[in-house]
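Notes for the one structure printed next.
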Amino acid sequence: MTVLVLIGRILFALLFLTSALGHLTKTKATAGYAAAKGVPAPALAVAGTGLLMLAGSLSLLLGAWADLGALLLAVFLFPTALIMHRFWQETEPVARQQETAHFQKDIALGGACLMLLAFFSYVGHDLGLALTGPFFSIE
């Protein structure tokens, strides 16, 4: 089981690590998209969310307070779904369908992060193949 959890952590974290790198290296283009969605201070928001995803994904990847990393990613995902993917405001059917899919993806990934938070916190130091135990203790 330890190896499966490690493989799952790596695969899950890679999604956010690559997205974080995109936020931090393509800030201008990403900020333009955020501005079009009405995000205030879009360049700052993009840099901040990039750092949030970087910290969360590295935490999961390395198993360094992986529960805290999962929480950081959830903190990114739920507001992103509500701010960036407001499908209910779309009138064009294809755009509405795309935004709905993105919204549902972010909500589902956020839910997965909450499960990982609970799992890593509950398992504690028995996780194995991790740099640290959990930051939180849920029993």
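Within region 16-49, the residues that satisfy the criterion of being aliphatic (A, V, I, L, M) and either in contact (Cβ under 8 Å) with a residue 24 or more places away in the chain or in contact with a Cys (Cβ under 9 Å, 6 or more places away or on another chain) (or both) are 17, 20, 21, 24, 34, 39, 47. Quickly run through region 88-101 and pick out the residues that are touching a residue at least 12 places away in the same chain (Cβ under 8 Å) and more than 17 Å from residue 35 (Cα to Cα). Passing the criteria: only 100. In region 1-46, which residue that is of a type in the set (Ser, Thr, Tyr) and either within 20 Å of residue 74 (Cβ to Cβ) or modelled with pLDDT under 95 (or both) is surrounded by the most Cβ atoms within 10 Å (Cβ to Cβ)? In this case the residue turns out to be 19.
Within region 50-62, residues that are farther than 15 Å from residue 22 by Cβ sit with their Cβ atoms under 6 Å from residues that are at pLDDT below 95 and outside any helix (DSSP H, G or I), at 6+ positions apart or across chains, in these pairs: 62/131. Screening 116, 129 for residues that are touching a residue at least 60 places away in the same chain (Cβ under 8 Å) and buried (at least 17 other Cβ atoms within 10 Å of the Cβ) leaves exactly one candidate, 116. Remark: residue 52 matches the filter, which requires a residue to be farther than 15 Å from residue 8 by Cβ and aliphatic (A, V, I, L, M). In region 47-99, of all residues being among the acidic types (Asp, Glu) and part of a helix (DSSP H, G or I), the one that is surrounded by the most Cβ atoms within 10 Å (Cβ to Cβ) corresponds to 67.
The values are calculated or read from the model by the stated rules, or taken from the named source; none is laboratory data. Worth saying up front: this structure is predicted, and the values here are computed from it rather than measured. Glycine gets a Cβ as well: all are built from the backbone with ideal geometry, and neighbour counts include every protein chain shown.
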